[in-house]
Amino acid sequence: MIQAGLQLPNFTFPDRTVDQLFDTLSDAAQAADESGFDSLFVMDHFFQLPLLGPPELEMLEAYTLLGALAARTENVDLATLVTGVTYRNPALLAKILTTLDVVSKGRAILGIGAAWYAEEHRALGFEFPKGSVRYEKLEDALNICRSMFTQRQTTFEGKHTSVTGAWNSPPPVRPGGPPIMVGGAGERHTLRLAAQYADASNLNCGFDEVPHKLEVLAGHCATFGRDVAEISTSVLGTLVIGATHEDAVRVLSEMLAGRGVDASTLPLDDIDELRKVLPRFFVGSPDEVTEQASNLLALGIDGIVVNMPFQTHDPDAVALAGRALAAAHR
């Protein structure tokens, strides 16, 4: 289902005004749509994450943005990576995804996880229960959403959330409704729920961990009598690309300098050594990125989702990345 995905994680562009913000994101989405990416993701957060910047940086609400991007694109599937189960009532979430599917003519994916950002919950007044409860809520949501995607009316009694005679009309455009992708790499709960309920699993783990995580997922699938090949697997990484290796290194150096890291201390001219320091990065020219992606796919993963936090505003870089990742599947 997902071979080459682009995540838009950054909405802060110092040279753009607020009224230019959506057009900047739309340009990136259209470049992705036309260049080889098959899916487009945004984060389901309400202020910026610590690894990407301070919380006061710009952040747009995920599903409003996806609905708008649906009108600016034609090919890419649209999803969050991923929705926190604590943020929305599951029946409302099913309705939101169904609406996105109708607006996009069948291109919605439900990306969902157990939520983790405690500070955001506290700041906005969302309940943030202990982990075991969040996983129970996630299981309720998976059941409710799947039923509402496929049934005219849903009645379900869960441990924390129940619905009675819930209508979902009109139904989704895509037969069977939006595919469900569970995000995360927790072996005890997340991968078990993916094996039991999901169409796809996105792993937020180190690339060297991928073979083991796939083995765990396969083990859970065996428990439920399910073929692991039924589940599309992908992994999330960060990509820095340039027309040449030197161009990519320049962009990477500027990105790291913005985070207080002196890039001159890194082995910038040796990709293999550099990726030991930045193990979840793809860095280089299009040919170098294609080779790096091909090596990752050879570990048994079906697809790769990348974010480009320093190049989101550059449609040419996005298009270059889309073509490079698409080439890795040939």
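A few notes on this one:
- From most to least packed by mean Cβ count within 10 Å, the peptides 74-85, 255-266 give 74-85, 255-266.
- Each residue of region 60-66 was assigned a 3J(HN,Hα) from its phi angle through the Karplus curve 6.51 cos²θ - 1.76 cosθ + 1.60 (θ = phi - 60°); the sequence is 9, 5, 5, 7, 4, 5, 5 Hz, with glycine and proline shown as x.
- Residue of Ile271, Ile144, Ile231 that the Gaussian network model of the chain assigns the largest fluctuation, springs spanning Cα pairs under 10 Å: Ile271
- DSSP bridge pairs, the chain: antiparallel proportion in percent, nearest 5: 10
- From its DSSP helices (H runs of at least four residues, each -39,500 (n - 2.57)), the chain gives a residue-normalised ellipticity at 222 nm of -13000 deg cm²/dmol.
- Relative contact order of region 4-327, defined on C-alpha pairs under 8 angstrom at six or more residues apart (%): 19
- For region 4-327, the fraction of C-alpha pairs farther apart than 38 angstrom is 12 percent.
- Rounded FRET efficiency, nearest 0.05, which uses the C-beta distance separating Ser264 from Asp23 and R0 of 45 Å: 0.80
- Top of Arg122, Arg88, Arg107 by mean-square fluctuation, Gaussian network on the chain, Cα under 10 Å: Arg122
- Taking amide H atoms as placed 1.01 Å from N in the peptide plane, the amide H of Leu57 lies under 5 Å from those of Gln48, each 5 or more residues away in sequence or on another chain.
- The charge dipole of the chain, taken about its Cα centre with unit charges on the Cβ of Lys, Arg, Asp and Glu (plus for the first two, minus for the last two), comes to roughly 1460 debye.
- Couplings for region 182-189, taken from phi via the Karplus curve 6.51 cos²θ - 1.76 cosθ + 1.60 with θ = phi - 60°, read 9, x, x, 10, x, 7, 7, 10 Hz in order; Gly and Pro are left as x.
- Extreme residue, positive dipole direction of the chain, given options Pro90, Leu78, Gly111 (C-beta unit charges): Pro90
- Less than 5 angstrom separates the built amide H of Asp77 from those of Ser39, Leu40, all sequence-distant by 5 or more or on a different chain.
- Check: region 179-330 dipole with +1 on Lys, Arg Cβ and -1 on Asp, Glu Cβ, in debye: 600
- Amide hydrogen neighbours beyond the local backbone of Thr83, cut-off 5 Å, H modeled: Gly111, Ile112, Gly113
- For region 32-74 versus region 161-229, the gap between their alpha-carbon centres in whole angstrom: 22
Each value in this text was obtained by applying a stated rule to the coordinates, not by laboratory testing. In this text, all values refer to a predicted model and were calculated from it rather than measured experimentally. Every residue, glycine as well, gets a Cβ built from its backbone with ideal geometry; the counts of neighbours run over all protein chains shown.
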